[in-house]
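Student: The structure that follows is given in the form of structure tokens.
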Amino acid sequence: MTVTDPPPDALPAALTATVDLDAIAHNVGVVRAAAGADVIAVVKANGYGHGAVPVARAALAAGAVELGVAHIAEAVALRNAGLDAHITAWLHTTNASFDAAISADVDIALSSRRQLALVVDAARRLGRTATVTAKVDTGLNRSGVARDEWADFADDLAKANAGGAVHVRAIMCHLVRGDEPDHPLNSQQAERLDLAAADLARLGSPAEVMHIANSPAALTRPDLARDLVRPGIALYGCTPIPERGDFGLVPAMTLRAEVALVKKLAAGQGVSYNHQWTSDRDTVIAVVPAGYADGVPRLLSNRMRVQVNGRSFPQVGRICMDQFVIDLGPDGGGVAEGDIAELFGTGTDGAPIAREWAEEIGTIDYEIITGVGARALRQYVGREALGAETARDVAAAQR
Ligand SMILES: *Cc1c(COP(=O)(O)O)cnc(C)c1O
């Protein structure tokens, strides 16, 4: 027996995250229509856990015009996968490979004069012009050029632009309260960015495009859209403002696991570590091979439900690293080993959506979907999922 036969990728997976690329495409359309602007599809963090390359392809095919990620390494990986759309990367450490970004024609969003100086050095060394975005801190006080540094940064940027080391493609900022659409800070941040853009124009290095809006703002504040919007979470079908409904978005990921074991449990017996649940009757339990290493939060122990064969069953006892237990009831609920348990999905079949988990433990669905672990095999359905190109991407993403 050799290790390559069969290839590890072809072995059956206990846990699958099925991503519906038609849902991604639909959600691009929803955001675009609401914003009245073109879409930069944000595919950082492996496409919010969905697989950056297939999601990027589906989003671009559905009309998104650019891609956005946090790290240069993420952007270069998309390039290497053959995506030739404009890609912006906006979070860099001092050891970031600006050389690699410039060589791969990645738009580098700059948050300081130090970063700009490093990019100018790299561009000169390579004999190339770096494409850059001015990332302005208009109040988030996180990344972006600090307000007290802006004037000097703008001067440096204009000089670098005039000298040919950089080309100023865009100017951007990120909202503090995008999910509170009526908060006055949203408009104030936009005004501050407009002023910064005017500074660059006055210095002779105007930005070609401006973008501000994340998902919640793209869906509710078309007046802030400017040239492009930068949605992430909405593309994956999670509403960024639950109080305002789902905006017609369709969740793209369904997380499923095969029931690994079914067995009887006598009344009075405890289940899983520290026996945090004890059955008050003779019952039947099942083991589901998904745990906190796979993104099922341990905090959900005894607080979640799972759907098998169209029926809902409570999770009982501690959620472990690799597995948890569900209580099938005295009659076993008609569940057999090999049946498929749905952990979360689209919400149309009675199973929970990711937000149900998030709300139960006081977090947001962003954390749930991005937390789905590498062990869950990503599978793609919908548009182009069966195309040779996508199949290759999927294989590459699994390696
Ligand atoms: C993550 C991110 C986005 C996308 O935010 P969503 O709330 O997921 O739409 C947009 N812009 C920046 C700078 C980000 O870091």
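Student: Which ones in region 275-290 are assigned to a loop (DSSP other than H, G, I, E, B) and touching a strand residue (DSSP E or B) at 6+ places or on another chain (Cβ under 6 Å)?
Tutor: Scanning region 275-290 gives Ser279, Pro289, Ala290.
Student: Considering every residue within region 94-109, establish whether at least one is in contact with a Phe, Trp or Tyr (Cβ under 8 Å, 6 or more places away or on another chain), small (Gly, Ala, Ser) and crowded, with 17+ Cβ neighbours inside 10 Å.
Tutor: At the first step, the residues of region 94-109 found to be in contact with a Phe, Trp or Tyr (Cβ under 8 Å, 6 or more places away or on another chain) are 108-109.
Those still in the list that are small (Gly, Ala, Ser) too: 109.
Checking which are crowded, with 17+ Cβ neighbours inside 10 Å leaves us with 109.
Yes: region 94-109 contains one or more residues that are in contact with a Phe, Trp or Tyr (Cβ under 8 Å, 6 or more places away or on another chain), small (Gly, Ala, Ser) and crowded, with 17+ Cβ neighbours inside 10 Å.
Student: Okay, next question. Do you know which residues across region 131-146 are crowded, with 21+ Cβ neighbours inside 10 Å and either touching a residue at least 60 places away in the same chain (Cβ under 8 Å) or touching a Lys or Arg at 6+ places or on another chain (Cβ under 7 Å) (or both)? Outline the logic, then answer.
Tutor: At the first step, the residues of region 131-146 found to be crowded, with 21+ Cβ neighbours inside 10 Å are 131-138, 144-145.
Hits for region 131-146 are Thr131, Val132, Thr133, Ala134, Val136, Asp137, Thr138, Gly144, Val145.
Student: Just name the residue that is farthest from the ligand (Cβ to nearest atom) out of those in region 91-114 that are assigned to a loop (DSSP other than H, G, I, E, B) and β-branched (Val, Ile, Thr).
Tutor: Taking region 91-114 as the starting set, the residues that turn out to be assigned to a loop (DSSP other than H, G, I, E, B) are 91-97, 104-106, 111-112.
Then drop every residue that is not β-branched (Val, Ile, Thr), which leaves 93-94, 106.
Numbers: Thr93: 16, Thr94: 20, Val106: 15 Å.
Checked region 91-114; the qualifying residue farthest from the ligand (Cβ to nearest atom) is Thr94.
Student: Can you find a residue in region 231-246 that is in a loop (DSSP other than H, G, I, E, B), within 30 Å of Glu337 (Cβ to Cβ) and more than 13 Å from the ligand (Cβ to nearest atom)?
Tutor: For region 231-246, residues in a loop (DSSP other than H, G, I, E, B), within 30 Å of Glu337 (Cβ to Cβ) and more than 13 Å from the ligand (Cβ to nearest atom): absent.
Student: Can you tell me which residue is surrounded by the fewest Cβ atoms within 10 Å (Cβ to Cβ) among those in region 186-210 that are more than 20 Å from Lys159 (Cα to Cα) and more than 16 Å from the ligand (Cβ to nearest atom)?
Tutor: Only one residue fits best here, namely Glu191.
Student: Here are some residues: Ala213, Ala170. Which one is under 18 Å from Leu140 (Cα atoms), crowded, with 22+ Cβ neighbours inside 10 Å and either assigned by the TED database to the domain that holds Thr88 or within 13 Å of the ligand (Cβ to nearest atom) (or both)?
Tutor: Step by step, each of Ala213, Ala170 is checked, and only Ala213 is under 18 Å from Leu140 (Cα atoms), crowded, with 22+ Cβ neighbours inside 10 Å and either assigned by the TED database to the domain that holds Thr88 or within 13 Å of the ligand (Cβ to nearest atom) (or both).
Student: Now for a different question. Could you say which residue among Val69, Val65, Val76, Val55 is of a type in the set (Val, Ile, Thr) and touching a Gly at 6+ places or on another chain (Cβ under 8 Å)? Can you show your working first?
Tutor: On the way: Val69 fails: touching a Gly at 6+ places or on another chain (Cβ under 8 Å); Val65 fails: touching a Gly at 6+ places or on another chain (Cβ under 8 Å); Val76 fails: touching a Gly at 6+ places or on another chain (Cβ under 8 Å).
When all the criteria are applied, what remains is Val55.
Student: I'd like the full set of residues that are basic (Lys, Arg) and away from the ligand (no atom under 16 Å from the Cβ), limited to region 7-64.
Tutor: Result: Arg57, single match.
Student: Can you tell me which residue among Leu60, Leu83, Leu67 is out of contact with any Phe, Trp or Tyr (no Cβ under 6 Å at 6 or more places or on another chain), buried (at least 18 other Cβ atoms within 10 Å of the Cβ) and part of a strand (DSSP E or B)? Spell out the reasoning first.
Tutor: Numbers: Leu60 fails: part of a strand (DSSP E or B); Leu83 fails: part of a strand (DSSP E or B).
Result: Leu67 is the single residue among Leu60, Leu83, Leu67 that is out of contact with any Phe, Trp or Tyr (no Cβ under 6 Å at 6 or more places or on another chain), buried (at least 18 other Cβ atoms within 10 Å of the Cβ) and part of a strand (DSSP E or B).
Student: Just one of (1) acidic (Asp, Glu); (2) within 14 Å of the ligand (Cβ to nearest atom); (3) under 30 Å from Ala158 (Cα atoms) trips up Asp179, so point out which.
Tutor: (3)
Student: Given the criteria assigned by the TED database to the domain that holds Leu200 and within 16 Å of the ligand (Cβ to nearest atom), does Ala117 qualify?
Tutor: The answer is no for Ala117.
Student: On the given criteria, is Ala257 buried (at least 22 other Cβ atoms within 10 Å of the Cβ), in contact with a helix residue (DSSP H, G or I) (Cβ under 9 Å, 6 or more places away or on another chain), in contact (Cβ under 8 Å) with a residue 24 or more places away in the chain and in the same structural domain as Ala170 (by the TED database)?
Tutor: Considered against the rule, which asks whether it is buried (at least 22 other Cβ atoms within 10 Å of the Cβ), in contact with a helix residue (DSSP H, G or I) (Cβ under 9 Å, 6 or more places away or on another chain), in contact (Cβ under 8 Å) with a residue 24 or more places away in the chain and in the same structural domain as Ala170 (by the TED database), Ala257 comes out as no.
Student: Continuing with this model, one more query. Taking the conditions exactly as written (in the same structural domain as Ala374 (by the TED database) and either among the small types (Gly, Ala, Ser) or within 16 Å of the ligand (Cβ to nearest atom) (or both)), does Ser279 satisfy them or not?
Tutor: Yes; evaluated as a whole, the condition is true for this residue.
Student: Moving on. Of the numbered conditions (1) part of a strand (DSSP E or B); (2) buried (at least 21 other Cβ atoms within 10 Å of the Cβ), Gly47 satisfies every one except a single condition; which is it?
Tutor: (1)
Student: Can I ask one more? Suppose we keep only residues that are at pLDDT below 95 and in contact with a Pro (Cβ under 7 Å, 6 or more places away or on another chain) within region 340-390. Which one would you say is surrounded by the most Cβ atoms within 10 Å (Cβ to Cβ)?
Tutor: Thr390
Student: Still on this model: Please specify each residue of region 122-143 satisfying the condition of being in a loop (DSSP other than H, G, I, E, B), touching a helix residue (DSSP H, G or I) at 6+ places or on another chain (Cβ under 7 Å) and within 16 Å of the ligand (Cβ to nearest atom).
Tutor: Selection gives Asp137, Thr138, Gly139.
Every residue, every condition in (1) farther than 21 Å from Lys44 by Cα; (2) part of a helix (DSSP H, G or I); (3) in the same structural domain as Gly63 (by the TED database), yes or no:
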position	(1), (2), (3)
His174	no, no, yes
Gly178	no, no, yes
Pro181	yes, no, yes
Leu185	yes, yes, yes
Leu193	yes, yes, yes
Ala198	yes, yes, yes
Ala201	yes, yes, yes
Gly204	yes, no, yes
Ala217	no, yes, yes
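The values are calculated or read from the model by the stated rules, or taken from the named source; none is laboratory data. Remember, it's a predicted structure, so these values are computed and weren't measured experimentally. Cβ sites come from the backbone with ideal geometry, for glycine too, and all protein chains shown count toward neighbours.
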